[in-house]
Amino acid sequence: MDIDVLKGIGAKKKDQLARLNIYSVADLYNYYPKSYEDRSKLTRLGEGKDNKKHFFIWTIRSKLYTKNLRKMTVSYLYASEEGSNERIRLVWLYDRYTPMKLKIGKTYKFFTKIKEYRGEIEAINPEFSEMDEDQIGSIVSIYRLTSGLSNKQVHTFINEALEYFDSKEDFVTKEIVQKFELCSRLTNLEEVHNPTSISNLTKAKSNIKVLDLCKDLVFLDQIKKKTKHPHKLNLSYHLKEILGELDFDLTKSQLRSLKEILRDCVAPYSANRLLIGDVGSGKTIVALIVMIIFAMNTYQAAMMVPTEVLAIQHYEKNLELFNKFGVKVALLTGSTKDKDNLKEDLAEGKIDILIGTHAIIQEDVSFKNLKFVVNDEQHRFGVSQRQMLALKGEDVNYLTMTATPIPRTLYLKISNILDMSVIDEVPKGRKPIETKLVGTGSQDILFDFIEENIKNKRQVYVVTNNIDSDDKNSLINLYKLYKKAFKAFRVGILHGKLKSSEKDQVLKNFAMGKFDILVATTVIEVGIDVANANIMVIYNPNNFGLSTLHQLRGRVGRGNYKSYCFLVNEKDRPDGKLKVLEENTDGFEISKKDFEMRGGGKILSLLQHGKNLSDIEYLNMDQAEIDKSFEIFSYLRENDYKDCDLSFIKEFFKEDKRIILN
Ligand code: ADP
Ligand code: MG
């Protein structure tokens with residue numbers, strides 16, 4: 001239902017809400033508070049002097065006085081508390097209008113600190129509301145906002161939206177809700193937006209998480225049924241011989257994952273597997289070996305990656321390996337020259353393996369015998385993009401690779417529903433990356449350290465978020481700074497706006513050690529792999545999200561050299577975000593902390609296109625909650641989903657005929 005039906009929402013409010021990704025009535029009531037403020041405890045004057053904000057009830061006893069001092073306006077009036085003789089002075093600085101709303105003789109709710117000043121109790125710029133309003137005196141929901149929208153407005157809209165609650169959102173019957181001691185979704189949402197007590201709120205949040213996860217499990221189970229189709233495929237290969245051609249031994253979990261994928265591909269049903277592993281755990285090689293095996297069996301394989309830079313790298317870096325096995329590989333990105341020839345070869349089956357960006361899903365790209373498709377760093381593609389790739393062959397086997405962290409407790413259980421392989425170790429010999437916050441004042445020390453490092457033949461990345469602006473940390477300015485500071489060394493520059501051939505050249509040069517320092521934008525965020533690079537310097541780190549910072553840092557520590565990540569921050573003292581990075585190297589721990597810091601967050605469903613598993617509040621679920629979701633799910637499945645409204649899945653299939661998981 002469109003939000004137009006709600007009172008007070010015109011074109012302007014609509015625009016503002018759209019900025020919060022709220023477009024419908026359901027989006028509104030599913031917009032969870034980011035945090036709560038407990039303003040429910042009524043405090044008496046005598047107890048409230050601890051320099052914290054409290055909830056008071058006072059009656060206005062005087063008219064408003066306003067003084068114009070030299071630099072500011074001071075407005076004040078007096079109030080009193082029932083049963084107390086003390087006089088309370090309410091003071092507003094720089095704001096003569098707000099207190100005009102207070103009427104003499106009337107009683108209001110206040111939320112404020114109080115202190116004693118010259119023998120009187122004083123409250124400065126107190127927040128207040130009418131007695132029948134609920135912004136004070138209750139647990140108040142705090143929402144993520146955008147300019148033009150106040151917390152109170154959003155809250156009011158949400159409560160209005162709740163009146164239009166769509167009962168279809170309850171995907172299980174009342175009996176199930178009762179059987180498992182839950183509540184209906186509407187009841188839970190009402191509590192989440194208008195908490196009656198902390199314990200009721202906790203229970204409602206928990207109910208929502210349990211049911212949401214359960215819904216996702218049902219979804220996964222249904223999708224799996226619908227996407228797996230019978231097929232017959234034979235692959236012959238000598239794994240030992242193939243692995244013998246690598247420069248290293250696979251880790252145990254790489255080998256296990258590889259075997260799981262291969263086993264899937266020759267099973268009676270086509271494969272649809274998710275490969276999960278933290279940054280640097282070595283997912284690529286696992287996929288490449290499978291691709292090579294397909295190619296050696298006269299099938300075609302394709303890998304789709306999110307950036308051109310990454311496509312180029314995967315191609316260049318592994319050419320030698322492909323040659324060893326005599327398989328023919330091609331690279332296809334938006335800027336590939338002579339596309340027509342390449343497309344012809346591909347359609348005729350002269351190319352065994354295609355690596356590329358979304359250019360490979362364009363309509364005029366066709367394969368002769370495509371049987372295996374890999375999506376690298378899948379969270380950057382929408383579901384429909386991935387489907388288009390899969391539709392280019394018959395009975396295609398899919399592999400999706402991601403660094404999106406899923407808690408261990410969850411994946412052990414989810415792997416019963418979803419085919420999932422996990423690489424949970426890094427290759428031998430890796431040393432943990434040391435992360436340090438560097439104040440801008442310490443630049444000389446940083447530069448000395450970098451110089452020492454380059455003299456030892458290692459290489460350095462310098463990353464910023466800014467291409468061309470006046471910021472002194474813009475790409476160009478940093479490039480100039482590093483060129484000047486490291487005159488004796490070779491400094492390269494890389495950003496998305498370069499021509500493809502230039503990007504290609506810069507990357508090759510850096511990989512071959514022709515540059516000592518590469519100043520780049522986040523085009524290098526995912527996938528880039530140069531083992532000799534061991535220092536990552538990130539400017540304006542506060543402009544990046546934690547997961548981006550973790551990915552960027554993952555560009556170093558890929559060889560056997562001790563590696564470092566420096567976050568150059570204006571302030572010497574780290575804020576919470578950077579501190580998390582300094583203290584943690586594990587991707588899962590980092591997302592968990594990220595969640596804790598951002599607060600509740602939205603509990604999203606997998607049903608949204610292109611969404612990321614890490615957006616779901618699974619990370620905040622405790623073991624009992626996860627267990628409960630699985631218990632309900634198992635019950636529903638055993639009973640053939642007769643207690644379930646599966647229309648939400650049908651809706652999904654209306655648009656997307658074939659789905660690739662995740
Ligand atoms: P990610 O999982 O982040 O995609 P990559 O696949 O890029 O990681 O692998 C990181 C680096 O580790 C690559 O240079 C790769 O060649 C190397 N690598 C992968 N597996 C091993 C291994 N078992 N032993 C040593 N190095 C490995
Ligand atoms: Mg990768």
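The values are calculated or read from the model by the stated rules, or taken from the named source; none is laboratory data. Every value quoted in this text rests on a predicted model; they were computed, and no experiment measured them. Cβ atoms come from the backbone with ideal geometry, glycine included; neighbour counts cover every protein chain shown. Ligands, DNA and RNA are excluded from the accessible area calculation, which covers all protein heavy atoms including side chains. Shrake-Rupley method; radii C 1.70, N 1.55, O 1.52, S 1.80 Å.
Give me Rg over Rh for the chain, both radii from the alpha carbons and Rh done the Kirkwood way, two decimal places. Please list the in-between numbers first.
Details: Rg = 29.6 Å, Rh = 28.6 Å.
On the Cα set of the chain, Rg over Rh gives 1.03.
Evaluate the relative contact order of the stretch 302-352 (contact order divided by residue number), counting alpha-carbon pairs under 8 angstrom at least 6 apart; express in whole percent. Don't skip to the end; give the middle numbers.
Working: 24 pairs, mean separation 16.0, N = 51.
Relative contact order here is 31 percent.
What FRET efficiency, computed as 1/(1 + (r/R0)^6) with R0 = 60 Å and r the Cβ-Cβ distance, is obtained for GLU241 and LYS472, rounded to the nearest 0.05? Provide the component values of the computation, followed by the final result.
Working: r = 55 Å, r/R0 = 0.92.
The value I calculate is 0.65.
By the scheme Lys and Arg +1, Asp and Glu -1, what is the net charge of all other residues having a beta-carbon under 15 Å from that of TYR117?
Numbers: positive: LYS49, ARG87, ARG89, LYS113, LYS115, ARG118; negative: GLU86, GLU116, GLU120, GLU122.
The answer is +2.
Two-decimal Rg/Rh of the stretch 246-391 from alpha-carbon positions, Kirkwood Rh? Show your work: numbers first, answer last.
Working: Rg = 14.5 Å, Rh = 15.6 Å.
On the Cα set of the stretch 246-391, Rg over Rh gives 0.93.
Over all pairs of distinct alpha carbons, what does the Kirkwood formula give as the hydrodynamic radius of the stretch 465-584, in Å? Walk me through the numbers on the way to the answer.
On the way: mean 1/r = 0.0665 Å⁻¹.
When all Cα pairs of the stretch 465-584 are included, the Kirkwood radius is 15.0 Å.
For a quick check of understanding: with a 1.4 angstrom probe and all protein chains in place, what accessible area in square angstrom does ILE198 have, to the nearest ten?
90 Å²
Under the Karplus relation 6.51 cos²θ - 1.76 cosθ + 1.60, θ = phi - 60°, what is the ordered set of whole-Hz ³J(HN,Hα) values for the stretch 53-67, x standing for Gly and Pro?
6, 9, 9, 10, 10, 10, 10, 6, 10, 9, 6, 8, 9, 10, 10
Using the Kirkwood radius built from alpha carbon pairs, what does the Stokes-Einstein equation give as D for the stretch 56-123 at 20 °C and 1.002 mPa s, in µm² per second? Provide the component values of the computation, followed by the final result.
Working: Rh = 12.4 Å.
For the chosen part, D equals 173 µm²/s.
In the stretch 170-236, which GluC sites (Glu not before Pro) fall in coil by DSSP and have 13 or fewer other Cβ atoms within 10 Å? Don't jump to the answer; show the numbers that get you there.
Numbers: sites: GLU175, GLU181, GLU190, GLU191; in loops: GLU181.
Filter output for the stretch 170-236: GLU181.
Given +1 on the Cβ of Lys and Arg, -1 on the Cβ of Asp and Glu, and no further charges, what dipole in debye does the stretch 117-264 carry about its Cα centre, rounded to the nearest 20? Don't skip to the answer; put the middle values down first.
Working: 21 positive and 25 negative charges, 268 e Å.
Dipole size: approximately 1280 debye.
With the crude spin-label approximation of a point 7 Å out along Cα→Cβ, what separation in nm comes out for LYS41 versus ALA18?
Rounded to a tenth, the inter-label distance reads 4.5 nm.
Once the Cα atoms of helix 339-348 and of the chain are each reduced to a long axis, what angle between those two axes, in degrees from 0 to 90 to the nearest 10, is obtained?
Value to nearest ten degrees: 70.
Spin-label point model (7 Å from Cα, Cβ direction): what's the ALA485 to ASP249 distance in nm?
Distance between label points: 4.2 nm.
Once neighbouring chains are kept in place and the probe is 1.4 Å, which whole percent of the accessible area of the chain is contributed by carbon and sulfur? Could you put the intermediate results ahead of the total?
Numbers: 15220 of 30950 Å².
Summing carbon and sulfur atoms, their accessible area is 49 percent of the total for the chain.
May I ask for the angle, rounded to the nearest 10°, between helix 283-296 and the longest principal axis of the chain, with both axes built from Cα atoms and the value confined to 0 to 90°?
With both axes taken from Cα atoms, the answer is about 30 degrees.
Excluding the sites themselves, what is the longest stretch of the chain that contains no chymotrypsin sites (Phe, Trp or Tyr not before Pro) in a DSSP loop with at most 12 other C-beta atoms within 10 Å? Each step should come with its number before you reach the end.
On the way: sites that count: TYR94, TYR97, PHE248.
The segment 249-662 is the longest one with no such site.
Less than 18 Å apart at the alpha-carbon level, and either on another chain or at least 8 residues along: which lysines does that give for LYS579?
Cross-link targets: LYS436, LYS571, LYS592, LYS593.
So what is the relative contact order for the chain, in percent, with contacts set as C-alpha pairs under 8 Å and at least six apart?
Working: 1182 pairs, mean separation 89.0, N = 662.
Normalised by residue count, the contact order of the chain is 13 percent.
Along Cα→Cβ, 7 Å out, is where each label goes; now give me the distance between the ones at ASP448 and LEU646 in nm to one decimal.
My value for the distance between the label points is 6.9 nm.
If you consider only alpha-carbon coordinates, what radius of gyration and Dmax does the stretch 1-55 have, in Å?
18.0, 50
Return one quarter of the surface area of the convex hull spanned by the alpha-carbon atoms of the stretch 1-107, equal to its mean projected area, in nm². Mind dumping the intermediate values first?
On the way: hull surface 43.0 nm².
Quarter of the Cα hull surface area: 10.8 nm².
Considering only DSSP states other than H, G, I, E and B, which trypsin sites (Lys or Arg not before Pro) in the stretch 242-337 qualify as loop sites with at most 11 other Cβ atoms within 10 Å? It would help to have the intermediate numbers written out before the result.
Working: sites: LYS252, ARG256, LYS259, ARG263, ARG273, LYS283, LYS317, LYS324, LYS328, LYS337; in loops: LYS328, LYS337.
Here the sparse-neighbourhood loop sites are LYS337.
Pop the C-beta distance of SER167 and LYS7 into the FRET formula with R0 = 25 Å and round what comes out to the nearest 0.05. The partial results should precede the final answer.
Details: r = 22 Å, r/R0 = 0.89.
Step by step, r from the Cβ atoms, then E = 0.65.
Looking at GLY349, SER335, VAL305, which one has the Cα that reaches farthest to the positive end of the dipole of the stretch 300-352 (charges on Cβ: Lys, Arg +1; Asp, Glu -1)?
So the residue we want is VAL305.
With unit charges on the beta carbons (Lys and Arg positive, Asp and Glu negative) and the dipole taken about the Cα centre of the chain, which residue among PRO33, PHE372, LEU321 sits farthest to the positive side?
After comparing all options, I get PRO33.
Suppose only helical runs count, i.e. DSSP H with n ≥ 4. What mean residue ellipticity at 222 nm does that imply for the chain under -39500 (n - 2.57) per run, divided by all residues and rounded to the nearest 500 deg cm²/dmol? Don't skip to the end; give the middle numbers.
Working: 21 runs with 236 residues, N = 662.
Using -39500 (n - 2.57) per qualifying helix, the result is -11000 deg cm²/dmol.
Taking the Cα centre as origin and putting +1 on Lys and Arg beta-carbons and -1 on Asp and Glu beta-carbons, what dipole magnitude results for the chain, to the nearest 20 debye?
Working: 101 positive and 92 negative charges, 328 e Å.
That gives a dipole near 1580 debye.
Angle, helix 587-598 long axis vs. longest principal axis of the chain, Cα atoms, 0 to 90°, nearest 10?
Helix 587-598 sits at roughly 20 degrees to that axis.
Calculate the tail of P(r) for the stretch 539-592: the fraction of all Cα-Cα distances greater than 14 Å, expressed in %.
Working: 742 of 1431 pairs.
When every Cα pair of the stretch 539-592 is considered, 52 percent fall beyond 14 Å.
At a Förster radius of 30 Å, what calculated FRET efficiency corresponds to the Cβ-Cβ distance of GLU116 and THR202, to the nearest 0.05? Intermediate values should be presented prior to the final figure.
Values: r = 37 Å, r/R0 = 1.22.
The calculated FRET efficiency here is 0.25.
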